[in-house]
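Coordinate-derived values only; no laboratory data. This is a predicted model, so every value here is computed, not measured. Please note: Cβ atoms are built from the backbone with ideal geometry, for glycine as well, and neighbour counts cover all protein chains shown.
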Amino acid sequence: MLTKKGKYGLKALVHLSNLPVGQLAFVNGIAVANNIPKKFLDAILGELRNAGFVQSRKGKEGGYRLARPASEIKIGHVVRVLDGPLAPIPCASRTQYQRCEDCDEATCQVRHMMLEVRQAIAEVLDNRSLAAMRDADNDDFPVELTSQI
């Protein structure tokens, strides 16, 4: 499940992607516009800066902007930076694999199902750019959202 950190990071990146190229946004403006706690956003933007997604400038004329075009930023990469592996369990992870000690991985039905889940998540997130996410209408998403999910 996407954490609040991951969700807020994506919201901040979408916010920045809506700015004219090169324009800076103040942290407070991003926080207020997206209903994100400012202190939490400060930390998230620091991680995004360290990972090369955003650039910052300090001072009165400072702020944040995207470090590269939104079309070059893949959502899967952002989620992995902020939240870690996409896999629901460690033995299904490609980036931070950990062997299970309580089962035989070759015959474990849970692992095989979670590998399939991980692959489905990766196919969506790794093939969707920040620009595509920003520009998508709700009609672009084939899944009907219900309160029971």
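So how do 33-41, 48-56 stack up, highest first, on mean other-Cβ count within 10 Å?
48-56, 33-41
Distance between Cα centroids, the range 2-44 to the range 56-122: provide it in whole Å.
The two parts, judged by their Cα centres, are 20 Å apart.
Treating only the Cα positions of the chain as identical point scatterers, give the base-10 log of I(q)/I(0) from the Debye formula at each q in 0.10, 0.11, 0.19 Å⁻¹.
Each listed q corresponds, in turn, to -0.42, -0.50, -1.16.
What ranking do Met1, Met114 get, fewest neighbouring Cβ atoms within 10 angstrom at the top?
Going from sparsest to densest Cβ surroundings: Met1, Met114.
Normalized C-alpha radius of gyration of the range 4-66, against 2.2 N^0.38 Å?
After normalising by residue count via 2.2 N^0.38 Å, the value is 0.97.
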